[in-house]
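Coordinate-derived values only; no laboratory data. Since the model is a prediction, treat every value here as computed from it, not as a measurement. Quick reminder, even Gly has a Cβ in these numbers, built from the backbone with ideal geometry, and neighbours come from all protein chains shown.
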Amino acid sequence: MDKLQLLQRIFGYSQFRPGQELLIDGILSGRDAFGIMPTGGGKSMCYQIPALLLPGISLVVSPLISLMRDQVMALKAAGVPAAYINSSLNFGQIQAVYRNMLAGKYKIIYVAPERLDSEDFGSLAEQLPISFVAVDEAHCISQWGQDFRPSYLRIVHFIAGLSRRPIVAAFTATATKQVQEDIKRILGLRNPVQTVTGFDRPNLCFTVLHPELKDRELKQLLGDRSGKSGIIYCATRKKVETVCQMLNELGYPATRYHAGLEEQERTANQEDFLFDRKTIMVATNAFGMGIDKSNVSFVIHYNMPKSLEAYYQEAGRAGRDGSQADCILLFSGTDVSTAHFLIQNSGENEDLDPVQQEIIRKQDLARLDAMVGYCKTKTCLRGYILEYFGQKHPEICGNCGNCNGNFREVDITKESQMILSCVKRMHDKLGYWVGVNLIASTLRGSKDKRVLELHLNELSTYGLLKNRTRSNLHAMIDHLEAEGYLQADREHQTLQLTALASEVLYRGQKVVMKIESEPEEVAADATSLEEQEAELFDVLKELRGKLAKEAGVPAYVVFSNATLTDMVKKRPRTKWEFKKVSGVGELKASWYSEAFLEKINHFLDGEPE
Ligand code: ADP
Ligand code: MG
Ligand code: ZN
């Protein structure tokens, strides 16, 4: 079989995604490879297919137990002989895997980096024909990356200790150049074929909301999404607890995950989520690396993360199977101070000296600024992200909260002049810059203690915008910051005028802000499936759930949502047609076609069951 036949017959996909073919060809021709693709881009295929075609055995180094188990489960479901070795197996189980490896029963072995320099694995490796080592989540090897894991450095020693150097390939979704260079250098990749596919995830719809009450907003968002699987990220363990409890009290099937829970509970909760027993996961950023659950249809950030890198990684866990999915961030000003506090007080990393630590802290603050900019921009959100990762993009994507047409533009030049001149007068009077709350209070003519103490009620700008709501004022001030008329000093949490501000104050520069239209102005949510198709989808989804339960695997291991959607679109009537559905390989066709075809035929012909 060649690579395309494998893709079609084993995995059930009709064609390669961008970048996949080039990497696979490179590896098959004996070259090292470096694949940089966004989450959900299809990196696994780039090492799984070569592993099946190369002689001997291939090792995949992977950072997390859950990730290995997930991938091996998916491979087995497609009929590929694979296994994993990590600390979740007991001695006897590991010996059994070793025996099978020596007997040539597997083509792919997933292994934890810690295992690589154990004595028994080392001597075993000498007896095995290892032709290929793939390093997944390769950014873990860089201390500049988000998830530095010292154990990843063992990969280098392991490869150096082999009598014959295998082909080595590294895979990551990390965008920054520095981490990319680190990976190549530390792993010692030799003239690798390399692809950087675009970082865009067109099926993800990005939205930032500035709700007055996050809980209320969250309930509303979930109300429109019942039955769908999603993750809610919170900044702290405590917030995870309160949000999860609130949702449970409201009857939502939610579970929780954070580093403060016992390992046993974490594992159990994660499984509940993977198997759709609980469709909503409320978690800190401790949750998710290596979660390949493909049917996550929304990721809501209850709090703003500390960087766009972190945000894109976490939000990117939605829609991995290519179906339309939502990434929604609930912003509040407090998030900024919390993030700032967390960066300032982050624990010492013992692997780094004080100078390096200071550099990293500075970097983190700069990253925070970019993240805040994302929350405040009124331009295309996808564009903002791609720009940050150094990628060209159209001005309007048509699939994010800022360019979906739920917005109308209003001229706020007059208000902007009032705000900016108030900031100037406050500074003139006090001799220092102040924060957004005090500025808003002064403009609203508040009788707040601090306002009166500082005699801000004597300013000519006091009360100029007294008929505006606080959130409206905040929105305008945020906008002025995003447009560069005000500049934030995050350390002191103050805002100051920039040179640009005089364009508005004295030279008549217009300021236009997009504001959200009233909900009733927005056209009713157009779903991609017509009503009848949605019904058929539900029928198939129920069948999928039943089959998954019988097999003891998560539903998405049977078929992904994208596969079900394609099935609904193609409406196969015969096994031959069934195989043409994206994501249906030969093994799965032979297992499942009968059950699914029966449901489809019944549905379309309206026969009674
Ligand atoms: P990542 O790059 O994040 O590791 P995965 O390897 O987990 O992404 O792939 C994400 C999803 O895309 C999986 O459901 C996978 O089966 C699917 N996929 C991979 N390659 C293709 C392809 N050529 N056509 C369609 N779907 C694909
Ligand atoms: Mg992956
Ligand atoms: Zn957009």
**Prompt:** What distance in nm separates the simple spin-label points at Leu452 and His427, each placed 7 Å from Cα in the Cβ direction?
**Reply:** 2.9
**Request:** Determine the alpha carbon to alpha carbon distance for each of Lys3/Lys107; Lys239/Lys541; Lys293/Lys546; Lys429/Lys510; Lys43/Lys362; Lys214/Lys376 and list only those over 25 Å.
**Result:** Lys239/Lys541; Lys429/Lys510; Lys43/Lys362
**Message:** Give the separation of the Cα centroids, the range 178-207 to the range 20-38, in Å.
**Reply:** 12
**Message:** Run lengths n ≥ 4 of DSSP H only: what is the helix-derived mean residue ellipticity at 222 nm for the chain, with -39500 (n - 2.57) per run over all residues, to the nearest 500?
**Reply:** -13500 deg cm²/dmol
**Complete:** Final fewest-first order of Glu217, Glu458, Glu137 on the 10 Å Cβ neighbour count is Glu458, Glu217, Glu137
**Request:** Per residue of the range 451-466, in order, report the coupling 6.51 cos²θ - 1.76 cosθ + 1.60 (Karplus, θ = phi - 60°) as ³J(HN,Hα) in whole Hz, putting x for Gly and Pro.
**Result:** 4, 6, 4, 8, 6, 6, 5, 8, 6, 5, 8, 4, x, 5, 10, 6
**Fill in**
Any trypsin sites (Lys or Arg not before Pro) in the range 410-498 that lie in a DSSP loop and have at most 10 other Cβ atoms within 10 Å would be Lys447, Lys466
**Complete:** Whole-Hz Karplus couplings 3J(HN,Hα) for the range 480-489, θ = phi - 60° and coefficients 6.51, -1.76, 1.60, Gly and Pro as x, run 5, 5, 4, 7, x, 7, 10, 10, 8, 9
**Fill in**
For the range 181-190, in residue order, the Karplus 3J(HN,Hα) values (coefficients 6.51, -1.76, 1.60; θ = phi - 60°; whole Hz; Gly and Pro = x) are 5, 4, 4, 4, 5, 5, 6, x, 5, 9
**Asked** Can you work out the FRET efficiency for the pair Ser29 and Gln95, with r the C-beta to C-beta distance and R0 = 56 Å, to the nearest 0.05?
**Response** 0.95
**Item:** Projected label distance in nm at Lys575 and Lys362, using a 7 Å step from Cα toward the beta-carbon
**Value:** 6.7
**Taking the convex hull of Cα positions in the chain, its mean projected area over all directions (nm²)** = 30.9
**Prompt:** How do Cys244, Cys327, Cys397 rank when sorted from fewest to most other Cβ atoms within 10 Å of their own Cβ?
**Reply:** Cys397, Cys244, Cys327
**Request:** Among Val557, Ala74, Pro18, flag the residue with its Cα farthest along the positive direction of the charge dipole of the chain, charges on Cβ as +1 for Lys/Arg and -1 for Asp/Glu.
**Result:** Pro18
**Message:** Among DSSP bridges having both ends in the chain, what percentage is antiparallel? Round to the nearest 5.
**Reply:** 15
**Complete:** Length gained, Leu153-Glu491, 0.36 nm per residue minus C-alpha separation, equals 118.1 nm
**Estimated FRET transfer efficiency when R0 is 56 angstrom, pair Glu594-Asp200 (beta carbons, to 0.05)** = 0.90
**Prompt:** Between Glu550 and Met418, what is the label-to-label distance in nm when each label sits 7 Å out along the Cα-to-Cβ direction?
**Reply:** 6.8
**Asked** To the nearest 20 debye, what charge dipole does the chain have about its Cα centre, counting +1 at the Cβ of each Lys and Arg and -1 at the Cβ of each Asp and Glu?
**Response** 580
**Message:** Could you work out the percent of alpha carbon pairs in the range 3-196 separated by over 30 Å, rounded to a whole number?
**Reply:** 13
**Prompt:** So which aspartates and glutamates can Lys514 reach, going by Cα to Cα under 17 Å and dropping same-chain residues fewer than 8 places off?
**Reply:** Glu395, Glu409, Asp411, Glu415, Asp478, Glu481, Glu483
